[in-house]
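Engineer: Supplied in structure tokens, the structure appears directly below.
Only the coordinates and a few stated rules stand behind these numbers; no lab work does. This structure is a prediction, so every number in the text was calculated from the model and none was measured. Because the Cβ atoms are built from the backbone with ideal geometry, glycine has one as well, and the counts that use them run over all protein chains shown.
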Amino acid sequence: MQELRYALKAAAKNLFNTDIEPEVTRPDERFGDYSTNIALKLALSVGKNPREIAQQLADDLKNLSILEKVEVAGPGFLNLRLTDEAVGSEIRSVNENYGQNQHYAGQTVVLEHTDPNPFKEFHIGHAYSNTVGTAIGKLMANSGAEVRQVSYHGDVGLHIAMAIFGLKNSENQDGLGMSYAAGAGAYKDDPQAKKEIDRINELVYSQDDPEINRLYEEGRKRSLEAFNKIYERLEVTFEKQYFESEVAIEGIQIVRENIGKVFQESDGAIIYDGEKVGLHKRVFITSQGLPTYEAKEIGLAFAKERDYPNASSFIVITANEIDDYFRVLVAAIKEINGELATKIRHISHGVVKLASGKMSSRTGQVVTLTDLQTDIEQKIRELYGGDKASPDIVFGALKYEYLKHRVGGDFIFDIDESISLQGNSGPYLQYAYARARSIIQKAGDAGQGSEFKNFEPAERSLARKISEYPEAVHKATAELMPHHVATYLYELAQAFNRFYEHNQVIGDPRARMRLSLVRAYSQVLKNGLGLLNIAAPERM
């Protein structure tokens, strides 16, 4: 609560003539609503015993109208309990905008994520990047940023040549993903095939072969159409798509213009010596004159800057497998354009694993998003009936299973866990929302505009948990870690279940206030699920 932070800061200034930003946390409910270690921090500069400082602060805060109790604990902590009126005032402020903040106010953020490559399958790793990226975008927009979502597609390169080779040598030219896997296998095992694929790779760039051009254009078109249909299912829109075939030309030009200043020639190739900044050497243009991943990325970075000249930051979300490459890339850009480099932020996530291990598109052993969607639908039908396997529930299960994990580490996707109505899952939270809405619909208008005062312990406990939502959102936004919202929503639903198990709502003498609590609870659930891009169904 901001008012409490202001009061603590003012007390420190008045009593000790010290400017300090107090840290306020949520202790166990038994000890109060908030706790702060401000006295321990002040002791370093004031030169007094921390408990003595804490007692002086407690005496100063006792007249603050929002506080019912201030206690000194341990070596100098302050435990603070709000009045019922203060808690109630917070609950009355809950609406569809509750939880918004101004952390990124006035900033324009270009957010790149998902990035599936044509001629390959859209697998559950792409869906993970999409889910994380969309949630981060919603968190930033919720905090005042103008978020511009873009995607980037590798439509040239060796993987394209491998897929075209597979298409040329297959009777079925519809299976792009399997054609790529076949081409990748041939490239590894067959020297003659490797030679032909390398030649195809050159022809894709030069566009000198009509048949290669036809296979390329048809495959690229089919891939992008399939990706757009998937984006509709995931409920995300990209305002711009960048392609390697477009940015590679500019990337080559920028690299060549900076030979001798940033880059150097080595055995016919052009490299960046990252060792001079504690990284490693990387090839940016091969000895055949073709751009590598890094050169294309340089072209992409400058294309984004040109398209979005007012952007405050360019965030790129990828799997952590390219962390080392990206560090070298940013180091090279820093030597070309230091201001642009400072705007680039790389957020890397882990890899989605299965019980059998990591997916590999190079062997064709991938789990596509469609495969996973089908498996989740089947599991839901088996457990709960066919009418429960709606897209909202299926994708609620999928997205939440991704987002409840901290971004950064690998994890195993557990389908059974993702659909459980008794555990930490998307459907569990969706059911919690639908259940609350059912209570409200049965009650009609009763309880609207209720005053919150003289809470019973169970009521106050639920109200306290509801009031923690803005703090959870602020933490998730400051760290760009959506799992903080997911964790909070699960804890909130559990808190409501404990309350509802022992406290009647409709028909109780305290029904009016309790229904207002249910309304606030349901609104917070809806707001939080919205930040995770998960539907909040009225019925389940």
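Engineer: Rounded to the nearest 500 deg cm²/dmol, what is the calculated helix-only ellipticity per residue at 222 nm for the chain, with -39500 (n - 2.57) per DSSP H run of length n ≥ 4? Before the final figure, lay out the partial values.
Structural biologist: On the way: 21 runs with 293 residues, N = 540.
Here the helix-only value at 222 nm equals -17500 deg cm²/dmol.
Engineer: Any idea what the relative contact order of segment 361-417 is, in percent, if you count C-alpha pairs under 8 Å spaced at least 6 apart? Each step should come with its number before you reach the end.
Structural biologist: Working: 21 pairs, mean separation 16.2, N = 57.
Relative contact order for segment 361-417 comes out at 28 percent.
Engineer: Could you tell me which residue out of Val255, Ile317, Gln241 lies farthest along the dipole of the chain toward its positive end? Charges go on the beta carbon: Lys and Arg +1, Asp and Glu -1, centred on the Cα centre.
Structural biologist: Ile317
Engineer: If contacts are Cα pairs under 8 angstrom and at least 6 residues apart, what is the relative contact order of the chain in percent?
Structural biologist: On the way: 887 pairs, mean separation 83.3, N = 540.
After rounding, I find 15 percent.
Engineer: Which of the aspartates and glutamates could a cross-linker span from Lys379 if the Cα-Cα distance has to be under 18 Å and same-chain partners fewer than 8 positions apart are dropped?
Structural biologist: Straight-line reach from Lys379, under 18 Å: Asp371, Asp387, Asp392, Glu401, Asp414, Asp416, Glu417.
Engineer: Cα atoms only, the chain: Rg and Dmax in Å?
Structural biologist: 28.0, 85
Engineer: Also, I was wondering about something else. Which log10 I(q)/I(0) values does segment 1-44 give at q = 0.14, 0.22, 0.24, 0.27 Å⁻¹ under the Debye formula, counting every alpha carbon as one identical point scatterer?
Structural biologist: With one equal scatterer per Cα and no solvent, log10 I(q)/I(0) is -0.33, -0.73, -0.83, -0.97.
Engineer: Magnitude of the Cβ-charge dipole of the chain, K/R +1 and D/E -1, about the Cα centre, nearest 20 debye? Show your work: numbers first, answer last.
Structural biologist: On the way: 63 positive and 76 negative charges, 296 e Å.
Result for the chain is approximately 1420 debye, rounded to the nearest 20.
Engineer: Could you size up the charge dipole of segment 113-354 around its Cα centre, putting +1 on the beta carbon of Lys and Arg and -1 on that of Asp and Glu, and report it in debye to the nearest 20? Working shown, then result.
Structural biologist: Values: 28 positive and 37 negative charges, 124 e Å.
It comes to approximately 600 debye.
Engineer: So for Lys343, Lys296, Lys9, fewest C-beta neighbours within 10 Å to most, what's the order?
Structural biologist: Sorted ascending by nearby Cβ count, the order is Lys9, Lys343, Lys296.
Engineer: Two decimals is fine: what's Rg over Rh for segment 198-260, C-alpha atoms, Kirkwood radius as Rh?
Structural biologist: Working: Rg = 15.8 Å, Rh = 14.3 Å.
The Rg/Rh ratio comes out at 1.10.
Engineer: Let me ask something else. Given a cut-off of under 8 Å on Cα pairs at least six residues apart, what relative contact order in percent is computed for segment 2-82?
Structural biologist: Numbers: 129 pairs, mean separation 23.0, N = 81.
For segment 2-82, the relative contact order is 28 percent.
Engineer: Now for a separate question. Please report the net charge: other residues with Cβ closer than 13 Å to the Cβ of Gly386, K and R +1, D and E -1.
Structural biologist: Working: positive: Lys379, Arg381, Lys388; negative: Glu377, Glu382, Asp387.
That works out to 0.
Engineer: For segment 2-82, with the dipole built from +1 on Lys and Arg beta-carbon atoms and -1 on Asp and Glu ones, taken about the Cα centre, which of Ala7, Leu67, Ile20 lies farthest toward the positive end?
Structural biologist: Of Ala7, Leu67, Ile20, it is Ile20.
Engineer: Apply the Kirkwood formula to segment 479-540: the hydrodynamic radius equals the inverse of the mean of 1/r over all pairs of different alpha-carbon atoms; give it in Å with one decimal.
Structural biologist: 12.9
Engineer: Over 28 Å, how big is the tail of the calculated P(r) for segment 113-354, in percent of all Cα pairs?
Structural biologist: Details: 10534 of 29161 pairs.
Summing the P(r) tail past 28 Å for segment 113-354 gives 36 percent.
Engineer: Taking the beta-carbon count within 10 Å as an exposure proxy, list Val524, Val109, Val316 from fewest neighbours to most. Intermediate results must be reported in sequence, preceding the final value.
Structural biologist: Working: Val524 28, Val109 22, Val316 25.
Starting with the residue having the fewest Cβ neighbours, the order is Val109, Val316, Val524.
Engineer: What FRET efficiency comes out for Ser65 versus Ser312 if R0 is 30 angstrom and r is the Cβ-Cβ distance? Round to the nearest 0.05. Show your work: numbers first, answer last.
Structural biologist: Numbers: r = 39 Å, r/R0 = 1.30.
Computed FRET efficiency for Ser65 and Ser312: 0.15.
Engineer: Separate question: Place +1 on the Cβ of every Lys and Arg and -1 on the Cβ of every Asp and Glu in segment 369-531, take the dipole about the Cα centre, and give the residue among Gln494, Ala432, Val518 whose Cα lies farthest towards its positive end.
Structural biologist: Positive-end residue among those listed: Val518.
Engineer: Please provide three numbers in whole Å: the alpha-carbon extents of segment 369-531 along the principal axes, with the largest listed first.
Structural biologist: 51, 39, 23
Engineer: Too long at a 31 Å Cα-Cα cut-off: which of Lys229/Lys465; Lys138/Lys453; Lys188/Lys353?
Structural biologist: Numbers: Lys229/Lys465 39 Å; Lys138/Lys453 34 Å; Lys188/Lys353 24 Å.
Beyond 31 Å between Cα atoms: Lys229/Lys465; Lys138/Lys453.
Engineer: Report Rg(Cα)/(2.2 N^0.38 Å) for segment 466-515, keeping two decimals. List each step's numbers first, then the result.
Structural biologist: Numbers: Rg = 14.4 Å, N = 50, 2.2 N^0.38 = 9.7 Å.
The reported ratio for this selection is 1.48.
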